[in-house]
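Please read the structure below before turning to the comments.
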Amino acid sequence: MSRDELGAPAHGRGAAPNPDHWPRPGPGEWLWYVLTGRLNPRYRGWAFRDLTRPGWPLRHLARLAVPLVPVAAVLPFLLPGPLWVRVTATAMGCVIGLLYSFVFLHDSTDRRAVKLGYPSGAAAEAREQRRATQRGGAHRG
């Protein structure tokens, strides 16, 4: 299956598919996607764009925060000790977890793209192609 069929940008073969035609998952499907579930194949173009368009690292962190927030809200009430220690420990655990996941940002987004049916490295290649196009446009004028 070619990347065009999956909804990926058509690098070097004309214009990319129109992003307006990529259906967006509903709230339940998006939550399943956030929790590392597989999306319906019709959302591949949207998900690939989510992994490659500007701001993708911040969206990655937002996806990580969605399951983290409810746990962080409950955890201070389950731990023993003074409230300030429980809240601080929970907050620092969240920060360390987010920083740790940020270290593996590229690997994580590559795994998501592979789960969508793209070859390994396709997301990084699409981001590099976008940067090259932007640099080329900036040099022209």
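The values are calculated or read from the model by the stated rules, or taken from the named source; none is laboratory data. It should be emphasised that the depicted structure is a prediction, and the values quoted were computed from it without experimental measurement. Cβ coordinates were reconstructed from backbone atoms using ideal geometry, including for glycine residues, and neighbour counts include every protein chain displayed.
If we scan the stretch 120-135, do we find a residue that is hydrophobic (A, V, I, L, M, F, W, C), exposed (fewer than 12 other Cβ atoms within 10 Å of the Cβ), outside any loop (DSSP other than H, G, I, E, B) and modelled with pLDDT under 90? Steps first, answer last, please.
From the stretch 120-135, those hydrophobic (A, V, I, L, M, F, W, C) are 122-124, 126, 132; that's our starting set.
Narrowing further to those that are exposed (fewer than 12 other Cβ atoms within 10 Å of the Cβ): 132.
If we keep only those that are outside any loop (DSSP other than H, G, I, E, B) as well, we get 132.
Subsequent filtering for residues that are modelled with pLDDT under 90 retains 132.
Yes - at least one qualifying residue is present in the stretch 120-135.
Please give the number of the condition Tyr43 fails out of (1) of a type in the set (Ser, Thr, Tyr); (2) loosely packed, with under 11 Cβ neighbours inside 10 Å; (3) under 19 Å from Ala126 (Cβ atoms).
All conditions pass for Tyr43, except number (2).
Please work out if Thr88 is of a type in the set (Ser, Thr, Tyr) and farther than 28 Å from Gly37 by Cα.
Judged against the criteria, Thr88 is a match.
Determine, yes or no, whether Ala73 is of a type in the set (Gly, Ala, Ser), within 19 Å of Leu35 (Cα to Cα) and surrounded by fewer than 16 Cβ atoms within 10 Å (Cβ to Cβ).
Criteria met by Ala73.
I'd like to know if the stretch 26-35 contains one or more residues that are of a type in the set (Val, Ile, Thr), in contact (Cβ under 8 Å) with a residue 12 or more places away in the chain and more than 27 Å from Val87 (Cβ to Cβ).
No, the conditions are met nowhere in the stretch 26-35.
For the stretch 95-118, name all the residues that are free of Cβ contacts under 8 Å to residues at least 40 places away in the same chain and surrounded by fewer than 17 Cβ atoms within 10 Å (Cβ to Cβ).
Val95, Ile96, Gly97, Leu98, Leu99, Tyr100, Val103, Phe104, His106, Asp107, Arg111, Val114 - these are the residues of the stretch 95-118 that are free of Cβ contacts under 8 Å to residues at least 40 places away in the same chain and surrounded by fewer than 17 Cβ atoms within 10 Å (Cβ to Cβ).
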